[in-house]
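Some notes on the structure that comes next.
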Amino acid sequence: MSFKDLGLSDPILRALKKLDHTKPSEIQLKAIPLILEGKSIMASAQTGSGKTAGFVLPILEQLKSIHAPKSKNINVLILTPTRELASQIQDSVMRYGTFMSKSSAAIFGGAKIFPQKNKLKAGVDILVATPGRLLDLVGQKAVFLDQVKILVLDEADRMLDMGFIPQVKRIVRSTPRKEDRQTLLFSATFSQDIMNLAQQWTFDPITVEIEPERVATENVDQRVYLLESRD
Ligand code: AMP
């Protein structure tokens, strides 16, 4: 299966070629067609699996038929727990979207708020944000979330561990009803807490799972010897 077979088209295919991404990874094979169909998903995928491209590529494809946002509005919101992840995801958006004219921005705490507010003025197609700073900007009416078409909750388990869930809940409430938006929830693990949140936040989701990564390479010869404790 190639990226083209999955339903992606020029100019995304051109960007993938330039980046030398020749074959989709497992999570990409499973998630991309579902996302292109407009389904909401709950996906268990770790960093390193290619999950970022797994949601960024089909989002860019869908944006081809979505109008540019109005002032202070956004089409796609990607929530992520840390500023490092936020800037990595925005880098991916820019790389995969090189041959498209869609706008994107990353907003996170610990950086000056004024330039971030300025970026939002014209409206942004894809906004990548950490929860605290985004709520700040929503409170200041620098951005409105009621036109969000696609909501991505990345590393949901880490957002839970870092105590962000109350903020995330408030943000999700500012977006359209779950029946009226597409929600893509990614988490490395699915505890009962995450399952409950996923149920609240996603409408009719499809579960996407991939095989866990091998912990050792096949080049390592492994043997087990059973010994008595005295030995
Ligand atoms: P992620 O799991 O999203 O953090 O991605 C891990 C790394 O894999 C990133 O550096 C991507 O650029 C790279 N990557 C993602 N998808 C592919 C692919 N299909 N082929 C080659 N590299 C990829």
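The values are calculated or read from the model by the stated rules, or taken from the named source; none is laboratory data. Note that this is a predicted model, so its numbers are computed, not measured. Because the Cβ atoms are built from the backbone with ideal geometry, glycine has one as well, and the counts that use them run over all protein chains shown. In case anyone asks, the SASA skips ligands and DNA or RNA and just uses the protein heavy atoms, side chains included. Shrake-Rupley method; radii C 1.70, N 1.55, O 1.52, S 1.80 Å.
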Considering the options Asn219, Ala188, Ala198, tell which one lies farthest towards the positive end of the dipole of segment 164-227, charges being +1 on Lys and Arg and -1 on Asp and Glu at the Cβ, about the Cα centre.
Ala198
Under the classification rounded if a/c is under 1.5, otherwise prolate if a/b is larger than b/c and oblate if not, where does segment 49-180 fall, given a ≥ b ≥ c as square roots of the Cα gyration tensor eigenvalues?
rounded
Note the angle between two axes, namely the Cα long axis of helix 26-36 and the longest principal axis of the Cα atoms of the chain, as a number of degrees from 0 to 90, rounded to the nearest 10.
30
Compute the projected area of the convex hull of the Cα atoms of the chain, averaged over all viewing directions, and report it in nm² to one decimal place.
16.1
Does segment 128-168 classify as rounded, prolate or oblate by the C-alpha gyration tensor (a ≥ b ≥ c root eigenvalues; a/c under 1.5 gives rounded; else a/b over b/c gives prolate, otherwise oblate)?
oblate
Return one number: the angle in degrees, 0 to 90 and rounded to the nearest 10, between the long axis of the Cα atoms of helix 165-174 and the longest principal axis of the Cα atoms of the chain.
40
Sorting Arg223, Arg170, Arg133 on solvent-accessible surface, 1.4 Å probe, most exposed first, gives Arg223, Arg170, Arg133
Ranked highest first by the average count of other Cβ atoms within 10 Å around their residues, in what order do 93-104, 49-60 fall?
49-60, 93-104
Residue-level accessible surface for Glu37, protein heavy atoms, 1.4 Å, Å²
120
Roll a 1.4 Å probe over the protein chains and send me the accessible area per residue for segment 73-139 in Å².
39
How large is the accessible surface of Arg158 in square angstrom, using a 1.4 angstrom probe and rounding to the nearest 10?
100
Over 26 Å (Cα to Cα) - which of Lys23/Lys178; Lys64/Lys121; Lys51/Lys141; Lys39/Lys119 fall in this group
Lys23/Lys178; Lys51/Lys141; Lys39/Lys119
Go ahead and run the numbers for FRET between Phe99 and Thr22, Cβ-Cβ distance against an R0 of 22 Å, rounding to 0.05.
0.80
Long-range amide H partners of Ile78 with built H, under 5 Å:
Leu127, Val128, Ala129, Val152
Unit charges on C-beta of K, R, D, E only; dipole of the chain, Debye
1400
Measuring from centroid to centroid over Cα atoms, what is the spacing of segment 104-162 and segment 180-206 in Å?
20
Counting only protein heavy atoms and leaving out ligands, DNA and RNA, the solvent-accessible surface of Lys141 at a 1.4 Å probe, in Å² to the nearest 10, equals 120
Can you give the charge dipole size of segment 95-231 about its Cα centre, rounded to the nearest 20 debye, using +1 on the beta carbon of Lys and Arg and -1 on the beta carbon of Asp and Glu?
1200
